[in-house]
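First the structure, in the form of structure tokens, and then the observations on it.
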Amino acid sequence: MKYINCYKSSRRLILNALFLFSSALCFSQGYPIKCGIKAGWNYSNINAVDNVGEPSGYLSDGGEIYGGIALEKQFSEKSYIQSGFIASYTYVITFLEIPIFYKYNFYKNFSVFAGPKLDYIPDEQYNHSLYFKKRLGVSANLGIDYKISKHFTLEGYFSKQLVKQYNDNILTFYDAKRNVYRVGVNYYF
């Protein structure tokens, strides 16, 4: 029952974010959509339990990279919606991510952003010792960015996964959730 309620809450959160994003696109025609690319560094912490129920998991050894496409739509003087497509790598798993963030410019070139992110695992099940319980997960995100110029922004954020996505049968950790600290650069065309 707990998993059904979590799924319903996640689905409701995603639908609300999509509604907000589509509403912003419809009612903010005076501002263009900015497209760009992003790249940076992940530091991952896999929260899981071992075979006796004790905390276990994986910590990044120096981090991993991420990259993708960035989209940003301004809909008022200080408010934006950010989205895009990100490919990220943690441990031995590839994640394809679709964020939907609300961004607010609170002081000069500084903005804060928050919102959900879909995390999809495209890897084949038979490639390694992992068992993918759920290929699609949802994360909650909170971050800050700094606008360097018209084209460049620096970003940093924390992503907390809400769904238990996989087990590692060799390292014996189960019900894994990936939490990520991320620092990167966006370039808008």
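At-a-glance table
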| read-out | value |
| --- | --- |
| In Å², nearest 10: area of Phe189 left accessible to a 1.4 Å probe | 150 |
| Positive-end residue of Ile121, Leu136, His151, charge dipole of region 85-153 with Cβ unit charges | His151 |
| Charge dipole (debye, nearest 20) of region 90-151; +1 at Cβ of Lys and Arg, -1 at Cβ of Asp and Glu | 320 |
| Sparse-neighbour loop sites [GluC sites (Glu not before Pro); region 44-110; at most 16 other C-beta within 10 Å; DSSP] | Glu77 |
| Region 84-130: trypsin sites (Lys or Arg not before Pro) falling in loop per DSSP and having at most 12 other Cβ within 10 Å | Lys108 |
| Charge tally in the Cβ shell below 11 Å around Phe152, where Lys, Arg are +1 and Asp, Glu are -1, Phe152 excluded | +1 |
| Solvent accessible area, Å² - Arg135, 1.4 Å probe, full protein context | 70 |
| Per residue value of the accessible surface for region 77-189 (all protein chains in place, 1.4 Å probe), Å² | 47 |
| Pairs from Lys34/Lys117; Lys73/Lys160; Lys78/Lys164; Lys117/Lys150; Lys34/Lys134 whose Cα-Cα separation, in the structure shown, is over 28 Å | Lys78/Lys164; Lys34/Lys134 |
| Distance (nanometres) between label positions extended 7 Å along Cα→Cβ at Asn16 and Leu96 | 2.8 |
| Per-residue SASA entry for Tyr120, accessible area with 1.4 Å probe, Å² rounded to 10 | 100 |
| Cα centroid separation - region 161-186 against region 140-158, whole Å | 23 |
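The values are calculated or read from the model by the stated rules, or taken from the named source; none is laboratory data. Since we're looking at a predicted model, the values are computed, not measured. With ideal geometry, Cβ positions are generated from the backbone for all residues, glycine too; neighbour counts draw on all protein chains shown. Only protein heavy atoms, including side chains, enter the accessible area calculation; ligands, DNA and RNA are left aside. Shrake-Rupley method; radii C 1.70, N 1.55, O 1.52, S 1.80 Å.
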